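Q: Mind looking over this structure? Questions follow.
The values are calculated or read from the model by the stated rules, or taken from the named source; none is laboratory data. As the structure is a computational prediction, the values presented were derived from the model and not from experiment. Because the Cβ atoms are built from the backbone with ideal geometry, glycine has one as well, and the counts that use them run over all protein chains shown.
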Amino acid sequence: MYTYRHMSDNRHDKSELELGMLQMQILWLLKKPSHGYALMKALNELKQTKITQGTLYPALQRLEELKLVARKRAGRRHVWHLTEKGKKTMKRACAEFCVTFHGIFKDFICGRCK
């Protein structure tokens, strides 16, 4: 899922993209190029839930439309990788995530110690 912070001239300003959790996780995992099946397995382990092709590939297609990821053919498979824009967006999204959830993590960890 994705949302936009600002709108200008009745169009979405994609430079102000806020990534949804799944998209951020995909960008994070694509720091190392990967084909879809390996990416799906990694997401299943990370999320501890079932990510299907019907969830993964639409998210990848949307990230590709936004020019955050690209794919190259490698035999019968496509290998997905981050674009330069994707690398910058991933770093910014991860930094925003850490700032946003820092207090929650701190309270959760400290609360477990009591």
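Q: Among the residues of segment 61-114, which ones are outside any helix (DSSP H, G or I), of a type in the set (Gly, Ala, Ser) and surrounded by 10 or more Cβ atoms within 10 Å (Cβ to Cβ)?
A: Narrowing segment 61-114 to residues outside any helix (DSSP H, G or I): 66-83, 114.
From what is left, the residues that are of a type in the set (Gly, Ala, Ser) are 70, 74-75.
Those that are outside any helix (DSSP H, G or I), of a type in the set (Gly, Ala, Ser) and surrounded by 10 or more Cβ atoms within 10 Å (Cβ to Cβ): Ala70, Ala74.
Q: Report yes if Gln48 is within 21 Å of Ala93 (Cα to Cα) and either under 13 Å from the mean Cα position of the chain (by Cα) or not small (Gly, Ala, Ser) (or both), otherwise no.
A: Details: within 21 Å of Ala93 (Cα to Cα): no; either under 13 Å from the mean Cα position of the chain (by Cα) or not small (Gly, Ala, Ser) (or both): yes.
Judged against the criteria, Gln48 is not a match.
Q: Within the set of pairs 6+ apart or on separate chains, which have a first residue in segment 54-67 that is touching a residue at least 60 places away in the same chain (Cβ under 8 Å), a second that is part of a helix (DSSP H, G or I) and not basic (Lys, Arg), and C-beta atoms under 8 Å apart?
A: Arg62/Gln23
Q: Can you work out which of the residues in segment 20-60 that are at pLDDT below 90 and of a type in the set (D, E, K, R) is surrounded by the most Cβ atoms within 10 Å (Cβ to Cβ)?
A: Once the filter is applied, the top-ranked residue is Lys47.
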